[in-house]
Every structure is written in structure tokens, then in C-alpha cells.
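The next block holds one structure in the form of C-alpha cells; read it before the comments.
The values are calculated or read from the model by the stated rules, or taken from the named source; none is laboratory data. All values derive from a computational prediction rather than experimental measurement. In this analysis, Cβ positions are derived from the backbone assuming ideal geometry, glycine residues included, and neighbour counts consider all displayed protein chains.
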Amino acid sequence: MFKHILLPTDGSELSLRAADTGIALATKLGARVHAFHVVAPFPSLAYLVDIIQANQEFYLADAVERAEGYLKEVKQRAAAAGVPCESSHKINDQPYAAIVKTAVDRQCDLIVMASHGWRGLNRLLLGSETHKVLLHGDVPVLVCH
């Protein structure tokens, strides 16, 4: 059935629980997993270019270090379950687009991700990356809450 499962993570407890669900499913199916994190790019303002340039380097170094920590946690969980796991991160200001593209590029046949369960005004204003993945992707998505 499913042989390669994408596990997007933002490092939150909810996303780690979704990763655990994906890893457990991979164990039962004899599948492999790919842990993935999207790093938000550094916001810049054209009139502050010199100041921002220096801060952007520090921001990206810190953000990539955090991403590697999140991915390491998922890889350790997969290793403990005996599930093959690769990982990657991408810098993108649209996480859902990076997730959908990675699923296609890595030939994943399932995405397992968390829904943060935003309600009311937050959901209306911020939307849900999970919801956007469901709308824009062609790969099946298992949503964990």
C-alpha cells in the first residue's frame, strides 16, 4: 500500500505525535519515512538592507540549526522503531507548497501531518498549512489531531 511516507514537522508536540503515527504506520507497512521541515525566510525591508543583511545570516543559521534539531528528533524516533528515515529542510515562505513539492520530488505516497486545530478568527486569518496541503496536493494526507 504506502511505501514512502512524508512527515512534515514544525517541532511542536502535536507534529511529533503525528510523526509517531506515521512511523507506527510505516512499521506495520514496511515503509520508509522522510522527515521534513520548512524554514521561513528572513523578512526584509528594502530600506534597511545593510542592517538586515547581517541579521539574515544569523537568523538563517539559527533557523537551520533548529530545523536540524527537529529532524533529528524524528529520525531518532524512526530509528527506535526500526524504520528507515531520511530528512531534509527547505527555505520557503509557503510551507504548504514546500510540503506538496517535497512529497512529489521524493515520490512519497502519503503525507502524515498534524492539524493545529485553530478555531474561529485564527483559522480564518491564518489558515491551516494542513488544509492548504489537502487543497493543493495530489498525495493522500493523513491528518492527526
Restricting the stretch 1-38 to residues that are more than 12 Å from the chain's Cα centre (by Cα) and polar (S, T, N, Q), the one nearest to His145 (Cα to Cα) turns out to be Thr21
Being modelled with pLDDT under 95 and either under 20 Å from Gly30 (Cα atoms) or surrounded by fewer than 13 Cβ atoms within 10 Å (Cβ to Cβ) (or both) is the filter here; which residues of the stretch 96-126 pass it?
Gly117, Arg119, Gly120, Leu121, Asn122, Leu124, Leu125, Leu126
In the set Asp93, Asp62, Asp50, the lone residue that is closer than 21 Å to Thr130 by Cα, modelled with pLDDT under 95 and of a type in the set (D, E, K, R) is Asp93
Does at least one position in the stretch 84-105 carry a residue that is within 10 Å of the chain's Cα centre (by Cα) and either at positive phi or among the aromatic types (Phe, Trp, Tyr) (or both)?
yes
What pairs can you find where one residue is in the stretch 61-81 and without any contact (Cβ under 8 Å) to a residue 12 or more places away in the chain and over 10 Å from Val39 (Cβ atoms), the other is aliphatic (A, V, I, L, M) and surrounded by fewer than 16 Cβ atoms within 10 Å (Cβ to Cβ), and their Cβ atoms are less than 8 Å apart, with a gap of 6+ or different chains?
none
Given the criteria surrounded by 13 or more Cβ atoms within 10 Å (Cβ to Cβ) and modelled with pLDDT of 95 or more, does Glu86 qualify?
yes
Take the stretch 19-38 and flag every residue that is closer than 15 Å to His116 by Cβ and surrounded by 24 or more Cβ atoms within 10 Å (Cβ to Cβ).
Ala19
